[in-house]
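J.: First the structure, which I've put down as structure tokens, then a few questions once you've had a look.
Just so you know, all these numbers are worked out from the coordinates, no wet-lab data involved. None of the values given here were measured: they were computed from a predicted structure. Neighbour counts run over all protein chains shown; Cβ positions are idealised from the backbone, glycine included.
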Amino acid sequence: MTQEKEMSFLNHLEELRWHLVRSIVAIFVIAIVLFTFQEYVYNEFLLAHIDSNFITYRLFCDLFSVIGIESNFCSLDYPNTLQVLKPTQQLMNSIWSSFILGSIVAFPYILWEFWKFISPGLHINEIKKSRGFIFTASILFFIGVLFSFYIIAPISVNFLYTYQISDKLVNQFTMEAHIGLITNMLLGVSIMFELPVIVYFLTKIGLITPEFLKKYRKHALVVVLILAAIITPPDVASQIIVAIPVLILYEISIKVSSRVIKKQQKNAKK
């Protein structure tokens, strides 16, 4: 009996290993493609926010002009170049950025591999009810990517590139610092947008309840603000802009948790 359990456990480990291998291969394949087109990826995506004609800046300029508020979005003057301080920095940064972006693009496939691993342990009715898991989680993730790219990143870049304590201090940013800022925000905000999905599974396995989420709502606000401060620059505007949608997602998560509990109670009565 012990040997059968051990073999079963080893078989599960072997199966998990192949799911992880296929996920990593998918990331590497996409990363290689992105690395091949690295000039386009950098100019149109990773370095897009230091272009004063970026769409968000123009929209903010028009918006503030319409409502009669002065802003610097209409007169941005970012540096045309960023510093590279090491001979290997461009190559290593390009490789690492390709891997990060490859992970973002491959996210739905990674979820699919994860689902293939856990689905054999679910009941048929649970599988039917969870068919939209990959779609929902992927949509939330990419909404987070778009929100970060078009809202958080340009506001953060605008704040950091224009912030100056004294005229005797000159901002001279490096490529590594700028790319790190953008990729960290993309990943951080996108993962935070997965909150309803995470709550769904935690409720399913009995770790949290709607009452728990309601009771610690104020504590969650503090945690969200701390996370927003970690993944965004130290300006209040960016932190609030990140915190608001996450708090909305927290309220949605309470509803999701309530629905899961109600379904479990309904099934228990049958």
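J.: Which length gain, in nm to one decimal place, applies between ARG17 and ALA177 when the Cα-Cα distance is subtracted from 0.36 nm times their residue separation?
T.: On the way: separation 160, 0.36 × 160 = 57.60 nm, distance 3.43 nm.
Value of the extension gain: 54.2 nm.
J.: Turning to a different aspect of this structure: Amide H of THR174 versus every other amide H placed in the peptide plane: which residues, excluding those fewer than 5 positions away on the same chain, fall under 5 Å?
T.: Residues meeting the amide H criterion: GLN83.
J.: (1) 54, 50, 38; (2) 60, 39, 32; (3) 74, 44, 29: which one is Cα extents along the principal axes in Å as calculated from this entry?
T.: Read-out taken from this structure: (3).
J.: Moving on. Only counting other Cβ atoms within 10 Å, I'd like CYS61, CYS74 sorted with the fewest neighbours first.
T.: Working: CYS61 17, CYS74 14.
Starting with the residue having the fewest Cβ neighbours, the order is CYS74, CYS61.
J.: To the nearest 500 deg cm²/dmol, what mean residue ellipticity at 222 nm is calculated for the chain from DSSP H runs of n ≥ 4 alone, each contributing -39,500 (n - 2.57), summed and divided by the residues?
T.: Mean residue ellipticity, 222 nm, calculated: -23500 deg cm²/dmol.
J.: Classify the range 62-118: rounded, prolate or oblate, from the alpha-carbon gyration tensor (a ≥ b ≥ c, eigenvalue square roots; a/c under 1.5 rounded; otherwise prolate if a/b is larger than b/c)?
T.: Numbers: a/c = 6.91, a/b = 1.46, b/c = 4.73.
Oblate shape, in that a/c is at least 1.5 and b/c is the bigger or equal ratio.
J.: Let me ask something additional. As I understand it, the dipole of the chain uses +1 on the Cβ of Lys and Arg and -1 on the Cβ of Asp and Glu, about the Cα centre. Which of ILE191, ILE67, VAL33 lies farthest toward its positive end?
T.: After comparing all options, I get ILE191.
J.: May I pose another question? Taking Cα centroids, how far is the range 150-168 from the range 10-43 in Å?
T.: 34 Å
J.: Something else now. With unit charges on the beta carbons (Lys and Arg positive, Asp and Glu negative) and the dipole taken about the Cα centre of the chain, which residue among ILE139, HIS49, ALA153 sits farthest to the positive side?
T.: ILE139
J.: Also, I was wondering about something else. Are there any helices in the chain, counted as whole DSSP H runs, that stretch 15 Å or more along their axis by Cα and score at least 0.5 on average by Kyte-Doolittle, and if so which? Working shown, then result.
T.: On the way: long enough: 2-36 (51 Å, 0.67); 55-66 (17 Å, 1.13); 89-105 (23 Å, 0.88); 107-118 (17 Å, 0.76); 133-147 (21 Å, 2.61); 175-192 (26 Å, 1.34); 217-231 (21 Å, 2.09); 236-269 (49 Å, 0.53).
Counting only whole DSSP H runs, the qualifying helices are 2-36, 55-66, 89-105, 107-118, 133-147, 175-192, 217-231, 236-269.
J.: Follow-up. Would the range 188-230 count as rounded, prolate or oblate if I go by the C-alpha gyration tensor, calling it rounded below 1.5 in a/c and otherwise prolate when a/b exceeds b/c, oblate otherwise? All intermediate terms of the calculation are to be shown ahead of the outcome.
T.: Values: a/c = 3.34, a/b = 1.34, b/c = 2.50.
Oblate, because a/c is 1.5 or more while a/b does not exceed b/c.
J.: Where the convex hull is taken over the Cα atoms of the range 33-182, what is its projected area averaged over directions, in nm²? Could you put the intermediate results ahead of the total?
T.: Working: hull surface 52.2 nm².
In nm², the orientation-averaged hull projection of the range 33-182 is 13.0.
J.: Nothing charged except the Cβ atoms of Lys and Arg (+1) and of Asp and Glu (-1): what's the magnitude of the dipole of the chain about its Cα centre? Round to the nearest 20 debye. Don't jump to the answer; show the numbers that get you there.
T.: Working: 22 positive and 18 negative charges, 369 e Å.
Computed charge dipole of the chain: roughly 1780 debye.
J.: Just to be sure I understand the model, the point goes 7 Å from the Cα along the line to the Cβ. What's the resulting ASN72 to PHE135 distance in nm?
T.: For the pair ASN72/PHE135, the computed spacing is 4.5 nm.
J.: Kindly list the residues of the range 158-175 that lie in the label zone of ILE240, defined by a backbone N under 20 Å from the point 7 Å along the Cα-to-C-beta vector.
T.: The answer is 158-164, whose backbone nitrogens lie closer than 20 Å to the label point.
J.: Take the cross-link list LYS215/LYS262; LYS214/LYS263; LYS204/LYS255; LYS116/LYS262 and give me the ones stretching past 22 Å between alpha-carbons.
T.: On the way: LYS215/LYS262 18 Å; LYS214/LYS263 19 Å; LYS204/LYS255 14 Å; LYS116/LYS262 26 Å.
In this structure, LYS116/LYS262 lie more than 22 Å apart at Cα.
J.: Mind checking the full-extension length gain between LYS255 and LEU146? Use 0.36 nm per residue of separation minus the Cα-Cα distance, one decimal, nm.
T.: Working: separation 109, 0.36 × 109 = 39.24 nm, distance 2.45 nm.
Computed gain between LYS255 and LEU146 is 36.8 nm.
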